[in-house]
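Written below as structure tokens is the structure these notes are about.
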Amino acid sequence: MELYFGSLFAVLTTGLVAAMILFIVLAVKNRERITKWGRLIGLFVVLGTVVSAFSATRDNFGFEGALFAMDSSFALVFSVIGGAIYLTAFASVFMKNQNYKRRCFYVMAALFLANVAAVEACRIALAG
């Protein structure tokens, strides 16, 4: 529990990750009523970036004593996944069809959830 509630940033990050997961669940649940997927994609990118910044702060990323070293394979994998989310969002800007934008949202959501699962699994393994 210390990993998730041991400091202010841990509590805030845990709450933000839970909020993002709830955001994804609500978007999928209400997919039939959503007509502007581009707005959700934009909100997803902004909130995901905030979650990423809080997560990096929580884990002291880029500083001495960081949970993940900047030159580690973990950091590379997490960065590639984050880059794929940004590229998917960027590509969706040029799509007019809402079905394609919806699929972009699903891809971004899947990448985000995979990234969260990978980060948390690594945090548990490295902390224990």
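The values are calculated or read from the model by the stated rules, or taken from the named source; none is laboratory data. In this text, all values refer to a predicted model and were calculated from it rather than measured experimentally. Positions of Cβ are generated from backbone atoms using ideal geometry, with glycine treated the same way; all protein chains shown enter the neighbour counts.
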(request) Spot the failing condition for Ala27; the list is (1) free of Cβ contacts under 8 Å to residues at least 60 places away in the same chain; (2) farther than 17 Å from Ala117 by Cα; (3) more than 12 Å from the chain's Cα centre (by Cα), and only one is missed. (result) (1)
(request) Would you please name the residue that is farthest from Val93 (Cα to Cα), looking only at residues in region 40-58 that are surrounded by fewer than 16 Cβ atoms within 10 Å (Cβ to Cβ), at pLDDT 95 or above and not hydroxyl-bearing (Ser, Thr, Tyr)? (result) Val50
(request) Filter region 76-105 down to the residues that are among the hydroxyl-bearing types (Ser, Thr, Tyr) and modelled with pLDDT of 95 or more, then identify the one that is nearest to the chain's Cα centre (by Cα). (result) Tyr86
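Listed here are the residues, each with its yes/no results for (1) in contact with a Cys (Cβ under 7 Å, 6 or more places away or on another chain); (2) of a type in the set (D, E, K, R); (3) modelled with pLDDT under 95.
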site: Tyr4; (1), (2), (3): no, no, yes
site: Leu12; (1), (2), (3): no, no, yes
site: Phe23; (1), (2), (3): no, no, no
site: Leu26; (1), (2), (3): no, no, no
site: Arg33; (1), (2), (3): no, yes, no
site: Asn60; (1), (2), (3): no, no, yes
site: Phe63; (1), (2), (3): no, no, yes
